[in-house]
Amino acid sequence: MENRILMQGNHAVGEGGLQGGCQAYFGYPITPQNELTQYMAKRMVEERKVFIQAESELAAINMVFGASLVGARAMTTSSSPGISLKQEGISYMVGCELPGVIVNIQRGGPGLGNIAGAQGDYFQATRGGGHGDYYLIVLAPDSVQEMYDLTREAFDLADKYRNPVIVLADGILGQMLEPVKIVKKNPMSNFSAKKDWILDGCKGRKPRMVRSLLMGEGVLEEHNLKLGKKYERMRKSEVRVETDNLEDAEVALVGYGISARICKEAMEIARQKGIKVGLVRPITLWPFPEKVIAENVDRLKAFLVIEMSLGQMVEDVRLATNGKCPVYFYGRTGGGIPEVDVIVERIEKILK
Amino acid sequence: MREEIIMAGFGGQGIMFAGTLLAHAAMEEGLNVTYFPSYGAEMRGGTANCTVIISDENIGSPVVTNPSALLAMNESSLEKFSSKVKKDGLIIVNSSLLKKEIKINDVEILKIPATELAEKLGDNKVANMVILGAYINRSKVVSLERTMDSLKKVLGEGRKNLLKLNREALKKGEENR
């Protein structure tokens with residue numbers, strides 16, 4: 001039998017980070033991701049790497065900034081309110097073209113909200129989040145296995161584009177235990193080998209400068225256009241999506257993360273009842289897999305988007321359909337979990 | 001095959017431990033499994049519960065509203081969850097901590113004096129293993145041997161000294177079905 005270990009989602013993120021070559025972790029406690037910081041406190045020290053419990057979320061993201069600036073693979077993790085606090089630092093990192101991995105184990109909001117799993121930070125994650133004109137790759141795991149795999153891969157993506165990457169999970173995925181297959185690869189990819197922009201002392205070479213303050217006439221526009229080309233490359237190369245049963249489907253469910261698992265359950269039950277239901281699960285929330293949605297608008301009778309929010313990703317689905325196919329929504333908010341029975345009922349109602 | 005188990009009791013009764021152990025044994029049986037704890041403000045004396053789903057098919061949400069089995073370690077847990085158990089489901093209750101008579105329709109109820117049995121073994125803290133042993137015997141979802149093996153792994157090197165007592169308690173529960 002394949003070698004599986006039973007692992008908590010939060011721990012899987014930590015281990016994935018380590019296997020992705022994380023050299024420095026900076027955290028600050030918040031439920032439901034405390035086990036992650038706790039795990040790193042032990043594992044980073046075991047691996048003789050840097051672990052700091054920062055004095056605040058702001059300090060943690062700025063430590064990631066600093067570590068990245070000297071060429072280290074660095075990560076910080078938090079949950080929704082803490083991620084809001086990090087947004088200034090993330091914006092600066094994008095402006096300075098600094099890679100780094102930020103993990104959001106989402107909880108209920110707005111404000112301090114509650115500690116239940118939720119998906120209310122989709123807009124924040126996929127629209128930049130901080131001030132300015134930018135995007136980040138956003139990865140959305142739907143299992144403990146993917147918590148591990150995607151966090152590991154996030155480090156490569158961050159270095160590849162010199163841009164921060166967000167892993168967007170939630171409290172349920174963070175807290176649950178599931179069997180995981182640990183795949184170990186050489187974490188240091190080619191991208192990290194040639195960081196010719198880091199500030200590691202200029203003895204014997206020309207000084208370098210990394211900054212986001214670009215005051216000269218037209219300098220910032222030129223810089224942003226350059227970044228824009230980078231976002232275009234991400235859009236072209238990094239879209240990831242899982243689809244199932246779309247060939248004969250009349251209705252496609254669209255969900256990410258923990259909601260996608262609920263969609264899969266609903267799809268199976270509907271199929272047993274003879275209702276033709278398919279699934280679209282975005283794995284990258286940005287870039288959004290709009291192509292697979294657009295390709296299916298003529299064949300499908302409707303899309304039904306399932307989220308643990310008042311409706312955020314549903315806007316991207318509507319944009320992708322471009323008005324050519326009806327888009328329905330069912331969501332729960334504030335820690336509520338969409339119910340399989342309700343999803344099946346909605347599908348039946350749509351097809352009536 | 002699909003089993004949805006909610007295990008509940010006081011914080012400190014080893015609810016999370018028993019749930020993790022069951023999940024581990026199910027994984028070793030080659031099945032799909034999820035474990036989801038209540039988390040946050042739980043502490044010793046408060047309430048704690050966890051949900052374990054075991055299936056030979058893919059598992060969607062690790063959270064269930066209506067479990068097929070409830071393992072209730074005290075009266076308040078029984079009151080909280082008993083009405084949610086599915087029709088023809090199973091409730092195993094720690095009758096040592098039960099004062100009221102219980103009557104729930106369309107559900108099989110198994111009373112195990114887990115705390116008393118654990119005390120006889122030398123420590124009331126292993127009442128969780130007694131209840132789990134009874135569940136394993138009744139459900140046959142994992143084997144006792146597999147659970148015994150998993151116990152060693154879940155306890156780990158640091159708590160090796162507790163292995164014997166926990167194994168005895170599992171066996172005791174398994175016999176007291």
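The values are calculated or read from the model by the stated rules, or taken from the named source; none is laboratory data. Please read all numbers here as calculations on a predicted model, not as lab measurements. Glycine gets a Cβ as well: all are built from the backbone with ideal geometry, and neighbour counts include every protein chain shown. Each accessible area value is taken on the protein alone, full model and side chains, heavy atoms only, with ligands, DNA and RNA left out. Shrake-Rupley method; radii C 1.70, N 1.55, O 1.52, S 1.80 Å.
What to note about this one:
- The set of residues in segment A:35-58 that are touching a Leu at 6+ places or on another chain (Cβ under 7 Å) and of a type in the set (A, V, I, L, M) contains only A:L58.
- Any hit, segment B:87-95, residues being surrounded by 18 or more Cβ atoms within 10 Å (Cβ to Cβ), in contact (Cβ under 8 Å) with a residue 24 or more places away in the chain and within 13 Å of chain A (Cβ to nearest Cβ): no
- Every condition in (1) open to solvent by less than 60 Å² (accessible area, probe 1.4 Å); (2) part of a loop (DSSP other than H, G, I, E, B); (3) at pLDDT 95 or above holds for A:K195 except the one numbered (3).
- Test: residue in segment A:249-257 that is open to solvent by 40 Å² or more (accessible area, probe 1.4 Å), under 18 Å from A:V342 (Cβ atoms) and in a loop (DSSP other than H, G, I, E, B): no
- Scanning segment B:151-164 turns up one or more residues that are of a type in the set (A, V, I, L, M, F, W, C), touching a residue at least 12 places away in the same chain (Cβ under 8 Å) and closer than 18 Å to B:M7 by Cα.
- Count of residues meeting criterion [open to solvent by less than 10 Å² (accessible area, probe 1.4 Å), more than 7 Å from chain A (Cβ to nearest Cβ) and either of a type in the set (S, T, N, Q) or more than 12 Å from A:P179 (Cα to Cα) (or both)] in segment B:12-37: 5
- Selection status of A:K273, open to solvent by 60 Å² or more (accessible area, probe 1.4 Å), more than 11 Å from chain B (Cβ to nearest Cβ) and within 16 Å of A:L139 (Cα to Cα): no
- Matching residues, segment B:139-164, being open to solvent by 40 Å² or more (accessible area, probe 1.4 Å) and among the aliphatic types (A, V, I, L, M): B:L162
- Per-region count, segment A:109-140, residues in a helix (DSSP H, G or I) and either open to solvent by 10 Å² or more (accessible area, probe 1.4 Å) or hydrophobic (A, V, I, L, M, F, W, C) (or both): 3
- Restricting attention to segment A:307-333, the residues that are under 16 Å from A:I347 (Cβ atoms) and either at pLDDT below 95 or more than 20 Å from the chain's Cα centre (by Cα) (or both) add up to 6.
- Options B:E79, B:E3; residue that is free of Cβ contacts under 8 Å to residues at least 60 places away in the same chain and either at the interface with another protein chain (Cβ under 9 Å from one of its Cβ atoms) or of a type in the set (D, E) (or both): B:E79
- Residues within segment A:329-343 that are surrounded by 17 or more Cβ atoms within 10 Å (Cβ to Cβ) and more than 14 Å from chain B (Cβ to nearest Cβ), tallied: 3
- The condition of being open to solvent by less than 30 Å² (accessible area, probe 1.4 Å), assigned by TED's automatic domain parsing to the domain that holds A:F155 and aromatic (F, W, Y) holds for only one of A:Y25, A:Y39, that being A:Y25.
- Verdict on A:A41 being under 23 Å from A:F123 (Cα atoms) and either assigned to a helix (DSSP H, G or I) or polar (S, T, N, Q) (or both): no
- Matching helices (runs of 4 or more DSSP H) fully within segment A:263-352 where at least 3 residues are more than 26 Å from B:T65 (Cα to Cα): A:290-295, A:313-321
- The number of residues in segment B:165-177 that are acidic (D, E) and surrounded by 17 or more Cβ atoms within 10 Å (Cβ to Cβ) comes to 2.
- Residues of segment A:141-189 that are of a type outside the set (D, E, K, R) and in a strand (DSSP E or B): A:P164, A:V165, A:I166, A:V167, A:L168, A:A169, A:L177, A:P179, A:V180.
So that you can scan it fast, the table gives a plain yes or no per residue for (1) farther than 18 Å from B:Q13 by Cα; (2) not basic (K, R):
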| residue | (1), (2) |
| --- | --- |
| B:E108 | yes, yes |
| B:K111 | no, no |
| B:T115 | no, yes |
| B:G122 | no, yes |
| B:V142 | yes, yes |
| B:L151 | no, yes |
| B:G156 | yes, yes |
| B:R159 | no, no |
| B:E174 | yes, yes |
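- Yes/no for A:E15 being within 14 Å of another protein chain (Cβ to nearest Cβ), under 30 Å from B:F17 (Cα atoms) and among the charged types (D, E, K, R): no
- Residue match in segment A:1-12 (condition: more than 14 Å from every other protein chain (Cβ to nearest Cβ) and at negative phi): no
- Only one of A:R346, A:R318, A:R261 that is away from chain B (no Cβ under 14 Å), at negative phi and in contact (Cβ under 8 Å) with a residue 40 or more places away in the chain: A:R346
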